[in-house]
Amino acid sequence: MAATTTTPFRSLDGFIGLGRRIAALIPGLLLLAAVGYAGKFIEQSIGAYNKARHIPFPNIEYVLWAIVLGLIIANTIGIPRIFQAGVVTYEFWLKAGIVLLGSRFLLGDVLHLGGISLLLVAVAITLSLTFMHILGRAFKLKPKLTSLLAVGSSICGVSAIIAAKPAIGADDEDASYAIAAILALGAISLFTFPLIGHTLHLSDKAYGLWAGLAVDNTAEATAAGALYSDAAGKVAVLAKTTRNALIGFIVLGYALYWSSRGQAQAIGNKAIFLWSKFPRFVLGFLLISLLATLGFFTKPQLISLANLSRWAFLLTFAGVGLRTNLRELGKQGWRPFAVGAIGEIFIALLTLALVYGADRYLYL
Amino acid sequence: MPNDARPSRFAISLDAYAVALALVLALLVRLNLLPPIKW
């Protein structure tokens, strides 16, 4: 009886609580939209100015403007508490944007490029995990911190580190170090990758594949691809999504290794473990791609979906800049950063060589 | 510690919500319940 009388109140409380949580996101969401749109406005304004005066200045994508504006705000005036909850949602928009981007791929393209990515990822992962462990030992890092850095830099950045942390029983400090190193290196790659790509005259496909394979965090990989060209951005997302799909297997391997040494919890059902670590947005991406392949959407509808994906990415790129705290990154000490940096340079060069080879012999 | 390092339970439900939102938007576009989205 008591249950029946209290349930409506409990539901109402729950409803109000949910409403409050959603309301708390609004200021940060508006900040993401304002910074992202300002980036788009600057790109268009500079483009129009140069066109009107016939100035041959290369177009700088809104992606870079949004990230730079976000970086300036976050590292000068800072992000007031009221905006923080909404700013964190940039990762939500990234994933929604990737699912919607599935509409721009026919399933055949996904399988072809995904297959090549998978092959290159397998080669790169094996070599880079080995290299990172050698480096970690040489710099006398804690073994679990080395494991986290290796997972983060060879598979897929922050999500891989978060997935691996409880599985191998690493402490918060190690995860924080590894995440900081990966984020700092991701920020650097945003400025260096497009320059290298242009210097080497890489095709959109080859560059996109390289960015997707070498840049660790999904948001930065997407941004690094989009900074080069729209087509490169698409390929970068596909290659990165292929890497993301492998998180479970690598984390399972590390979990089994550390539990065999008695330093992490034993793994029960391996299939359930794999499913729990599998990024669900990859399935969403494949579903939308399948629907597009089956002709479920008309051409104008496909354009609308692609544009929705761009708007979602606009919020993401603003968030990438806004959440990067350069002072915090500097506080993390030089050794994990040095291991990460040397490892990243090695992985970037390795994947560049692999992509060059694939472009030449597998006809990307 | 960066915000990304929040517990993984949030990350898993975040994926599900992001997929749900994207699928709802795709359905609305398919049923022409949204005006054409411009960039």
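Overview of results
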{"read-out": "Filtered residues of region A:194-215 (kept if within 21 Å of A:F337 (Cα to Cα), touching a Gly at 6+ places or on another chain (Cβ under 9 Å) and either in a helix (DSSP H, G or I) or within 14 Å of chain B (Cβ to nearest Cβ) (or both))", "value": "A:A211"}
{"read-out": "Qualifying residue in region A:181-193 (condition: surrounded by 23 or more Cβ atoms within 10 Å (Cβ to Cβ), more than 14 Å from every other protein chain (Cβ to nearest Cβ), assigned to a helix (DSSP H, G or I) and touching a His at 6+ places or on another chain (Cβ under 9 Å))", "value": "no"}
{"read-out": "Criterion: among the small types (G, A, S), within 14 Å of chain B (Cβ to nearest Cβ) and either under 17 Å from the mean Cα position of the chain (by Cα) or more than 30 Å from A:I342 (Cα to Cα) (or both) - qualifying residue of A:G102, A:G108", "value": "A:G102"}
{"read-out": "Residue identified as part of a helix (DSSP H, G or I), buried (at least 24 other Cβ atoms within 10 Å of the Cβ) and either modelled with pLDDT of 85 or more or β-branched (V, I, T) (or both) among A:V251, A:V282", "value": "A:V251"}
{"read-out": "Residues satisfying the stated conditions in region A:78-119, i.e. of a type in the set (F, W, Y) and more than 13 Å from A:L286 (Cα to Cα)", "value": "A:F83, A:Y90, A:F92, A:W93"}
{"read-out": "Meets criteria (at pLDDT 80 or above and either over 21 Å from the mean Cα position of the chain (by Cα) or at the interface with chain B (Cβ under 8 Å from one of its Cβ atoms) (or both)) for A:K299", "value": "yes"}
{"read-out": "Among the candidates A:A33, A:A122, residue that is outside any loop (DSSP other than H, G, I, E, B), at pLDDT 90 or above, closer than 27 Å to A:T241 by Cα and not β-branched (V, I, T)", "value": "A:A33"}
{"read-out": "Enumeration of residues in region A:226-241 that are in contact (Cβ under 8 Å) with a residue 24 or more places away in the chain and surrounded by fewer than 23 Cβ atoms within 10 Å (Cβ to Cβ)", "value": "A:S229, A:A231"}
{"read-out": "Of all residues in region A:254-279 being under 18 Å from B:L14 (Cα atoms) and buried (at least 20 other Cβ atoms within 10 Å of the Cβ), the one that is nearest to the chain's Cα centre (by Cα)", "value": "A:P279"}
{"read-out": "Among residues of region A:136-162, those that are crowded, with 20+ Cβ neighbours inside 10 Å, assigned to a helix (DSSP H, G or I) and of a type outside the set (G, A, S), counted", "value": "11"}
{"read-out": "Residue within region A:170-186 that is within 20 Å of A:V110 (Cα to Cα), without any contact (Cβ under 8 Å) to a residue 40 or more places away in the chain and of a type in the set (D, E) present", "value": "no"}
{"read-out": "Looking only at region B:27-39, and only at residues there that are under 23 Å from A:K40 (Cβ atoms) and surrounded by 12 or more Cβ atoms within 10 Å (Cβ to Cβ), the one that is farthest from the other protein chains (Cβ to nearest Cβ)", "value": "B:L34"}
{"read-out": "Any chance A:Y257 is at pLDDT 80 or above and not aliphatic (A, V, I, L, M)", "value": "yes"}
{"read-out": "Where a residue in region A:38-53 is within 26 Å of A:G319 (Cα to Cα) and its partner, wherever it lies, is modelled with pLDDT under 90 and exposed (fewer than 14 other Cβ atoms within 10 Å of the Cβ), with Cβ under 9 Å and at least six apart", "value": "A:K40/B:W39; A:E43/A:N59; A:I46/A:F57; A:I46/A:N59; A:G47/A:F57; A:G47/A:N59"}
{"read-out": "Cβ-Cβ under 8 Å pairs, at least 6 apart or on other chains, region A:281-298 side under 13 Å from A:G108 (Cα atoms), far side part of a loop (DSSP other than H, G, I, E, B) and modelled with pLDDT of 90 or more", "value": "A:L291/A:F297"}
{"read-out": "Subset of region A:254-275 (residues that are in a loop (DSSP other than H, G, I, E, B) and of a type outside the set (A, V, I, L, M))", "value": "A:R261, A:G262, A:Q263, A:Q265, A:G268, A:N269"}
{"read-out": "Region A:146-160: number of residues that are within 14 Å of chain B (Cβ to nearest Cβ) and modelled with pLDDT of 75 or more", "value": "3"}
{"read-out": "Count of region A:269-296 residues which are more than 11 Å from chain B (Cβ to nearest Cβ) and over 18 Å from B:L27 (Cβ atoms)", "value": "6"}
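The values are calculated or read from the model by the stated rules, or taken from the named source; none is laboratory data. What you see is a predicted model, and the numbers here were worked out from it, not measured in a lab. Heads up, the Cβs are rebuilt from the backbone with ideal geometry, glycines too, and the neighbour counts pull from every protein chain shown.
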